[in-house]
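The block underneath contains the structure these notes are about, expressed in structure tokens.
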Amino acid sequence: MSRPAGWDARPAPLALMVRTPDEPGALHALTEVIFAHRANITYVDIAERHDRLSTVYFELEDIPGGTEKALIADLEKLPIVRAVEQAPSFQKVYGKRIIVVGGGAQVGQVVIGAVAEADRHNIRGERISVDTIPLVGEENLAAAARAVARLPRAVALVLAGAMMGGDVARAVYEIREKGIIVLSLNMPGSVPDAADLVVTDPVQCGVMAVMAVSESARFDINLQRGRRY
């Protein structure tokens, strides 16, 4: 499976930073107001916590037309709210995320290709970001692979290592079912058989990962699945 084409072409969500006391019930009070305005919370995070205050970051969609200011005003009326600030959404700033996991040397080479290709697309208005974590060990790699499906805006995983299999391959099958595109370096183990696409050269693998998620690249991952380069 792959993410639907144009999934990031939806209207950018309303992103709000709400400052409140760091205490039980604060989040409940905020979401009551959001619910009253029939807005859909698509992402929420505690962005800051210090001096007994916290900043809650919301991304909201499906707000009835023209009611954004009223929603913000009602949040500001809450006794617990210290400030409400509208911010650019993560979708607008960072866009789609590609996650690269594996051995340090291989990860570094994949990132060289991915960052260079992402720059070419981002300079034309797209937003594609690249995140990495060098890891060793089957348990660590499998946990990292599964966690990609829980990361906001993550659309692709590149497994960059010398040998991967076992539970890592099972994790690959699981996250592919959830819509994550998986690319793998050509390596011993069962992970290459589980991935959507296998690329031997790590720099080229990074380039193709970006092409696979780009809206403007003439590259269809559905036509490439099961291939090795």
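What follows draws every value from the coordinates through simple rules; no lab data is involved. The model shown is predicted, which means the values in this text are computed figures rather than measured ones. When we count neighbours, we look across all protein chains shown, and the Cβ atoms used for this are built from the backbone with ideal geometry, even at glycine.
Odds and ends about this structure:
- The Rg/Rh ratio for the chain, using Cα coordinates for both the radius of gyration and the Kirkwood hydrodynamic radius, is 1.05.
- Estimated translational diffusion coefficient (Stokes-Einstein, Kirkwood radius over Cα pairs, 20 °C, 1.002 mPa s) of segment 7-89: 166 µm² per second.
- Straight-line cross-link reach from residue 92 at under 12 Å between alpha-carbon atoms covers these aspartates and glutamates, not counting any fewer than eight positions away in the same chain: 8, 59, 126.
- Trypsin sites (Lys or Arg not before Pro) restricted to DSSP loop in segment 137-229 with at most 14 other C-beta within 10 Å: 150, 178, 218, 225, 227
- Relative contact order (%) - segment 133-218, alpha-carbon pairs under 8 angstrom, separation at least six: 26 percent
- Taking amide H as placed 1.01 Å from N in the peptide plane, residue 53 has its amide H under 5 Å from the amide H of 22, each at least 5 places away in sequence or on another chain.
- Charge dipole of the chain about the Cα centre (unit charges at C-beta), most positive-ward option of 64, 121, 136: 121
- Each stretch of four or more DSSP H residues adds -39500 (n - 2.57); spread over every residue of the chain, this sum gives -11000 deg cm²/dmol at 222 nm.
- Nearby lysines by direct alpha-carbon distance to residue 178 (threshold 21 angstrom, same-chain neighbours under 8 apart not counted): 96
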